[in-house]
Amino acid sequence: MTQEFIFVNDRLVPVGEARVSVNDRGLLYGDGFFETMRAAAGRVLFLKEHLARLQASCQQFRIRWPSEFPWDTYLQNLLGRNGLKASVAVVKILVTRGTVAGLGLPAGDKPTIIIYARPYDPPPAVEYQQGWPVVIFPEPRASFLGRHKSLNYLFCLAARQYALDQKAREALILEPDGNISEGAATGLIFTEAGNYFTPEAASALPSITVAMLGRALRRRGHSLLAVPTSAARLTQSQGVWLANSLMGLLPVATLDRCNLPLSDLTEFLNQCLWSEAG
Ligand SMILES: Cc1ncc(COP(=O)(O)O)c(C=O)c1O
């Protein structure tokens, strides 16, 4: 990628020339939502599902949804302009409430839309074989915002940093009742006696990766059920994986320094997931 381009509203501009107002509520309050997606060979994977989640969050928080926005055309233009049509890329869409003044959730008539597309290097194969060390973030979270991919991402960033400070790669977030919610930037699945599960958690983001994997597993006669999940249940399971749209399914090697069994199902799970993208 020689010079990176970015969409800001309906303008495709070099990233160094991209401008948003200092009064944008995304900056002032984290008043907006985002989606991070994987693109492969010029296709944004699960785009429909990501846009549906973004739209649902915007509507719930009264951000005017840009129903006429030509997502497909703009994404194709951007991937093409950044030379990403033949490789794996990360695509990020942000929608903020724009610059309307006032506390509360004022309607506003012009949301700000930003679209990035950059090269993406998935974790190396050895990490998919050996897994990541993961720790539990000790501060529980009780927030309905957790169910949305909000620009208010500070809790997740602090949890991830807690993990990095301990040479771990991801932190698990706790629900107020002490059960596991999700990862700082990942959903979670685990297997017990040949069945697949994901935490049932009131404050967790509904992961598109977990939902799509569930659909793929059901097609193959398996199930993926949401169940209340304690840390002890994870350590007694036959395998735990982190899940997100960029990296797919990556196994957990240790949880708070306790070894977890490394199952040989990682490749199967990723094949199921990516085949679901068509
Ligand atoms: C907090 C959080 N939970 C879960 C996920 C996984 O979501 P998805 O599978 O939709 O990428 C993410 C993705 O970045 C996330 O930020």
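The values are calculated or read from the model by the stated rules, or taken from the named source; none is laboratory data. If you're wondering where the values come from, they're calculated on a predicted model, not measured in any experiment. In this analysis, Cβ positions are derived from the backbone assuming ideal geometry, glycine residues included, and neighbour counts consider all displayed protein chains. Remember, those area values only see protein heavy atoms, side chains included, never the ligands or the DNA or RNA. Shrake-Rupley method; radii C 1.70, N 1.55, O 1.52, S 1.80 Å.
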- Message: Keeping all protein chains in the complex and leaving out DNA, RNA and ligands, what accessible area do you get for Lys92 with a 1.4 Å probe, in Å² to the nearest 10?
- Response: 70 Å²
- Item | Largest to smallest principal axis extent of the C-alpha atoms in the chain, angstrom | 51, 43, 36
- Message: What are the ³J(HN,Hα) couplings of region 199-207, residue after residue, when phi is run through the Karplus curve with 6.51, -1.76, 1.60 and θ = phi - 60°? Round to Hz, x for glycine and proline.
- Response: x, 8, 8, 5, 9, 8, 5, x, 5
- Which whole-Hz couplings ³J(HN,Hα) result when phi for each residue of region 262-267 is put into the Karplus expression 6.51 cos²θ - 1.76 cosθ + 1.60, θ = phi - 60°, listed in order with x for Gly and Pro? 9, 7, 8, 8, 4, 5
- Query: For the chain, what is the calculated [θ] at 222 nm in deg cm²/dmol (nearest 500), taking -39500 (n - 2.57) for each run of four or more DSSP H residues and dividing by its residue count?
  - Reply: -8000 deg cm²/dmol
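Heavy atoms only, 1.4 Å probe, whole protein assembly: order Leu164, Leu12 by accessible area, highest first. Numbers along the way, then the final one.
Values: Leu164 80, Leu12 60 Å².
In descending accessible area the options line up as Leu164, Leu12.
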- Query: Short version: ³J(HN,Hα) in whole Hz for each residue of region 144-157, in order, from phi by Karplus 6.51 cos²θ - 1.76 cosθ + 1.60 (θ = phi - 60°), x for Gly and Pro, what are they?
  - Reply: 5, 5, x, 7, 10, 8, 7, 5, 6, 9, 5, 4, 5, 5
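Going from most exposed to least, what order do Cys58, Cys258 have by accessible area with a 1.4 Å probe?
On the way: Cys58 0, Cys258 60 Å².
Result, largest first: Cys258, Cys58.
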- Relative contact order as a percentage, region 125-276, C-alpha pairs under 8 Å and 6+ apart, gives 27 percent
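Relative contact order for region 5-119 using alpha-carbon pairs under 8 Å, separation at least 6, rounded to a whole percent?
Rounded, it is 37 percent for region 5-119.
Leaving ligands, DNA and RNA out of it, report the carbon-plus-sulfur percent of the accessible area of region 174-271 at a 1.4 Å probe.
53 percent
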- Whichever aspartates and glutamates have a C-alpha closer than 20 Å to that of Lys149, once near sequence neighbours (fewer than 8 apart) are set aside: Asp24, Asp31, Glu35, Glu49, Glu139, Glu170, Glu175, Glu182, Glu200
- Between Ala277 and Leu12, what is the label-to-label distance in nm when each label sits 7 Å out along the Cα-to-Cβ direction? 2.2 nm
- Query: Does a label point 7 Å from the Cα of Arg64, set along Cα-to-beta-carbon, have any residues of region 6-38 with amide nitrogen under 17 Å, and which are they?
  - Reply: 9-11, 21, 24-26, 32-33
- Message: What figure, in Å² to the nearest 10, do you get for the accessible area of Ser230 with a 1.4 Å probe and non-protein molecules left out?
- Response: 40 Å²
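For His222, His50, His148, write out the residues from largest to smallest accessible area, computed with a 1.4 angstrom probe and no ligands counted. Could the numbers behind the result be given before it?
Values: His222 70, His50 0, His148 25 Å².
The most accessible residue leads, giving His222, His148, His50.
Would you mind calculating the gained length between Lys110 and Arg219 on full extension (0.36 nm times residue separation, minus the Cα-Cα distance), in nm to one decimal?
On the way: separation 109, 0.36 × 109 = 39.24 nm, distance 4.15 nm.
So the extension gain works out to 35.1 nm.
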- Does a label point 7 Å from the Cα of Leu262, set along Cα-to-beta-carbon, have any residues of region 177-208 with amide nitrogen under 20 Å, and which are they? 189-192
- Note on the structure: Once normalised by the length of the chain, the mean sequence separation of its alpha carbon contacts under 8 Å that are 6 or more apart gives a contact order in percent of 17 percent
